[in-house]
Each structure stands twice: as structure tokens, then as C-alpha cells.
Amino acid sequence: MRTFTEDQIMFRDAYRKFLATEIAPYMEEWREAGIVDRAAYKKAGDLGFLMVWPDEKYGGMGDNDFRYEQIIIEETARVGCLEFFNTLHSRLVGPYFERFGTPEQRERFLPKCVSGETILAVAMTEPGAGSDLAGIRTTAEDKGDHFLLNGSKTYISNGINADVVIVAAKQVGADSKHAMVLLIVERGMPGFERGRKLKKMGLPAQDTAELFFNNVKVPKANVLGEPGKGFYYLMEGLAEERLIGAVGYIANARRAFDITRDFVMQRNLFGKALSEQQNTQFKMAEMDSEIDMAQVYVDHCVTEHNAGRLTSTMGAKAKMLCSEIEWKMLDLGVQLHGGAGYMDEYPISRMFTDARINRIYAGTSEVMRLIIGRDVFSQKYQSMLA
């Protein structure tokens, strides 16, 4: 049985109502426009739904229980609004300020992030460097009172809407390929330009863009953490990032299951409902079981994360497992919808194309298997079996 506190149950109900009135009715309009209206972030911030964890002095609730974000992700998936990338802002990027920022940086940035006035993004990926962060070419050169930033990033989520971007760059002159610096780049800084908003297979309302940095002077006050340790800072957040993905993927799989279940109960084939066909029952029974079992593991990972015990391998397992089950369910959903499943007017069609990215970003399924495989054959793993 899933465990949420009474406050969290009330929070879920309130957030569900917020989505129903302020987000879901506008999704089609935002899909046509190719971007979520910035006002959505402000509305979420005004009601306390954008960033829950920051201290009350910054405008947050001061509660770092990950289950609040789990609720936000699950409810956003339930109504088909995953193109509203509020969790990227709230739990992927925002915590960098808490973990590595100075008190001055927190005072300066967090209040407007909590209120939704400032929208966040993180820029790691480059045309030649995706899962392999050590391969990035964007550079930061120490010039005394500032870093000189040069390079480009691509596939950056919130790339158009973002007011503040945490940029990963190689530190010029460092001996190690892992020596990186994280720079807080703000809208309007000379030399910081946005390229085109990229057209994607799915998630049309989620703004994904190219970013360019041409001799951007980033003051030392905008250096996040200790220069040279940026790579390790990024690695530290990956376990949670993959858990965030897993929560959304399995919630989306359950939505696809429910949509498909309703459809096959109404669709007739050879004189009886498709749901009465043995093949349909077997396939749906299998998916129901897999989704339920994956949900149990995700809930376990959330508990471990709250206790500070979530490992990179656990995150990789959750991300890989849930994205693969989600894809399996969506493929089955399209198949059982027949020709209707290929039509854009049916939710399962959009869900299918939207979800294709989930086995790629935050680390591909292949990279997740590599991480898990290394752990399987590690000395630590062998000692656990002894």
C-alpha cells in the first residue's frame, strides 16, 4: 500500500484542481504555439506548487520530502500535461542552488524561482556530447574577476523560457578532462544567445532549444560551487534525476493502460468486445502486473531517497525499467487501438510519440544497463552475495 501523509493527500487534491483549471485547458493551445505560456509557472508559484522544498524565508514550504514532487509528477502525467516541465525547474535545477550555492546566491535567485518569476534550465548536452559529459567542448577561462564562457549547447529543455541557465563548461588549463565549472548564466548577458526552438517528434509544447555563448563574461559571483568540481556536482544529481524520470514514466504507463482498457471494452471485433478476446486479456494482464511491480520499486526508491540512501545504480534501474515498461505499454496501446491508435485525435497516439524520448534523455537505456552491469560485476556486489 502506498503511504502518503494527510497533508500530502490534501496537496494532491489541490494540485489536481490546479491542473484542471490552469494547465490542462490550455495544453492544446500551447502545443499549437510550441511553448508553454510563462504565466503557467507564475500561477503554479503563486499557489505553492512550483518549488516545495526551499526554506520558508525563500517562499517555499521548507519540506524536502520527495513525495511532494512525486505527487506533482504523477498528477501532471495523469491529465496528460507532461509538456509542462515544472519538475525540471523545481527538482532538477533548483536544488543546485541549495547544494552548491552560496547564501548570497540563494537569497538572490531562490525567491523568484519559487514564485515562478524566474524559470530555470540546465545546459549540459552538446552536439557531440550527450550521455558522455566528459566530452563537452564548451569552455570557461578564468580571467580574474570573471570567467569567459565560449561554446554551444543543444537539446536544452526550457531553453526558450529560461531566465537563468546553469551551464557546464570545461575549465581551461585544467589537467583533468573532468575539471568543469558550473556557471549561472542570466538572460540578457552580452554574448548569450538562443538559437532556434527545435522541432521534435513529440512534446511540441515543451520548448527545446540551442544555446550559444560567445565570450560571455560571467562574474565570479555567478560561479556555482567550487571551480573544477562541476562534473562531480552534475553526477551527484543524476540519481534523483533518474528517479524523477521513473516516477513520470510509470505514471504515464498507468495512464496509457487505463486509456487502452477503456477503449478495448468499447471496441467490437468479430461480434464481441475486444476486451473479451483472450489475446487482449493476456497482454493487458501482463502489463497491469509489470506496471504494478515497477510502481512498488519506484515507491521504494522514493523512500530510500528521502532517507539519503538512493544510489546511482538504484536510479539507473528505476529509470531503465520504467521507461522500458512505459514504451511496452504505449506500443501495446497503439496496437490494440488499431487504426485509431495512429490518429492524432486519440491520446494514445500523442503519448506514443511524446514518450519516445524517455529511453534517451537523462541517460539512454543502454547507458543505464552499463551502469547496472558494472555494479553487478563489482567487488562490492560480490561481497554482498557472499
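Centre-to-centre separation between the Cα atoms of region 119-194 and those of region 358-377: 24 Å. The calculated FRET efficiency for GLU6 paired with ASP262, based on their beta-carbon distance and R0 = 30 Å, is about 0.45. Against the main long axis of the alpha-carbon atoms of the chain, helix 67-78 sits at an angle near 50°.
Each residue of region 6-118 gets 90 Å³ once the volume of the Cα convex hull is shared out per residue. So for region 121-228, Kirkwood radius off the Cα pairs, Stokes-Einstein at 25 °C and 0.890 mPa s: how many µm² s⁻¹? The estimated diffusion coefficient comes to 176 µm²/s. Taking a ≥ b ≥ c as the square roots of the eigenvalues of the Cα gyration tensor, region 237-381 is prolate, since a/c reaches 1.5 or more and a/b is larger than b/c.
Between their Cα atoms, which of LYS217/LYS319; LYS143/LYS200; LYS57/LYS153; LYS43/LYS220; LYS112/LYS197; LYS229/LYS317 are more than 28 Å away from each other?
Numbers: LYS217/LYS319 37 Å; LYS143/LYS200 38 Å; LYS57/LYS153 34 Å; LYS43/LYS220 33 Å; LYS112/LYS197 25 Å; LYS229/LYS317 26 Å.
Going by Cα-Cα distance, LYS217/LYS319; LYS143/LYS200; LYS57/LYS153; LYS43/LYS220 fall outside the 28 Å limit.
Taking the Cβ-Cβ separation of GLU104 and ARG187 as r and a Förster radius of 22 Å, what is the calculated FRET efficiency to the nearest 0.05? Here the calculated transfer efficiency is 0.70. In the chain, the longest principal axis of the Cα atoms and the axis of helix 238-266 are about 20 degrees apart. Residues THR208, THR5, THR364 in ascending order of nearby Cβ atoms (within 10 Å, fewest first): THR5, THR364, THR208. For the pair ASP37 and ALA24, the difference between a 0.36 nm per residue extended length and the Cα-Cα distance amounts to 3.4 nm. Sorting ARG356, ARG108 by the number of Cβ atoms found within 10 Å of their own Cβ, with the fewest placed first, yields ARG356, ARG108.
The numbers here are math on the coordinates, done by the rules we state, and not lab data. Predicted model only: the values in this text are computed from it and were never measured. Methodologically, a virtual Cβ is constructed for each residue, glycine included, from the backbone with ideal geometry; neighbour enumeration extends over all protein chains shown.
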